[in-house]
1. Could you give the Stokes-Einstein D for the chain in µm² per second, using the C-alpha Kirkwood radius, 25 °C, 0.890 mPa s?
2. Give me the distance between the Cα centres of region 218-275 and region 127-167, rounded to whole Å.
3. Multiply the residue gap between Asp120 and Ala91 by 0.36 nm, knock off their C-alpha separation, and tell me the result in nm, one decimal place.
4. Divide by every residue of the chain the summed helix terms, -39500 (n - 2.57) for each DSSP H run of at least 4, and state the resulting mean residue ellipticity at 222 nm, rounded to the nearest 500 deg cm²/dmol.
5. Between Asp235 and Ile269, how high is the FRET efficiency from 1/(1 + (r/R0)^6) when r is the Cβ-Cβ distance and R₀ = 22 Å? Nearest 0.05.
6. Take the Cα gyration tensor of region 114-216, multiply each eigenvalue by 5, square-root it, and list the three semi-axes largest first, rounded to whole angstrom.
7. Lys/Arg Cβ at +1, Asp/Glu Cβ at -1, dipole of the chain taken about the Cα centre: which of Gln77, Tyr249, Leu52 is farthest positive-ward?
8. Note down the nm distance, to one decimal, between modelled labels 7 Å out along Cα→Cβ at Ala208 and at Arg171.
Amino acid sequence: MKKSAVLLVAALANVLFLQAALAEDAKPALVPLPSVDDFTRGEDGWGFGLGLGVEYESAYEGADEFGFEINPAGAAQWRRGDDVFYWAGEALGWRGLRSDSWLFEAAVALDEGREEGDSDDGRLDGLGDADEGFEVVLQARRALDADWRYWLDGRVVTGDSGNLGLFGVGRRFGDRIDGTGSDLALVAVYHDSDRAMRDFGIDAGQSAASGLDETALSGGFRSIGLNYNYRKYVDENWQVFGEALLERYGSDVADSPITRKNFEAEVGIGFIYVF
């Protein structure tokens, strides 16, 4: 065998060995889903991630105005076995893995509401501000196979402004177990009458002040959406992430005068430094 061929075989063997070593070094996340961030590197104790994200999104739910927004990203997490407690910006919560196939989560988060000033074009003038407040989020995911390639998802969001129910199915792409790769979820969203009126309804007083038709909404189907998440380590500490969301409203919501578009869209990208 010629010397050049021997060197080529050796180089290929080196690459394969390096890839195998990196795969072995990958620390398991609580669950290997990019949509569930885990900065603990598979170990008990503290994990921290700190970064920034840039989002291009609808100005408010149902808006025909879009804009950029810069937000902090990351979380402080503390892991013990199959339980992770976390503080992530405006949310404080816990998630736990049970029987390797059930992921439960409970959190208290801030609902930012809506302000008239969210519309630069004055689309919300006269509707008043929807007060911000805290809400409780309860979630359960059920893996349909051993490696979380497919899963079912159920979530309830409840607070002073009403209730949401979300039910979905997801698919994970990639083979790493450290929470990187990508995943895609299809989600159906339901709301009660309080939440529907808060987000898309117009009462008599708001109608008189805004000139928009009075609109009463009851609870039921709100929307169906697609949510895509991407996460990748670019070196030992830096992580790049991305998200894209498209939510298409049902007919009752789409017919509201508040809804200038029958969909909500968002795309974002950012970087996180994992300590």
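Only the coordinates and a few stated rules stand behind these numbers; no lab work does. These numbers come from a predicted model, not from an experiment. Cβ atoms come from the backbone with ideal geometry, glycine included; neighbour counts cover every protein chain shown.
1. On the way: Rh = 20.8 Å.
Translational D for this selection: 118 µm²/s.
2. Region 218-275 and region 127-167 have Cα centres separated by 14 Å.
3. Stretched fully, the Asp120-Ala91 segment lengthens by 7.6 nm.
4. -4500 deg cm²/dmol
5. Calculated value: 0.80.
6. Each semi-axis is √(5λ); the values are 38, 15, 12 Å.
7. Farthest towards the positive pole: Gln77.
8. Between Ala208 and Arg171, the simple spin-label model gives 5.3 nm.
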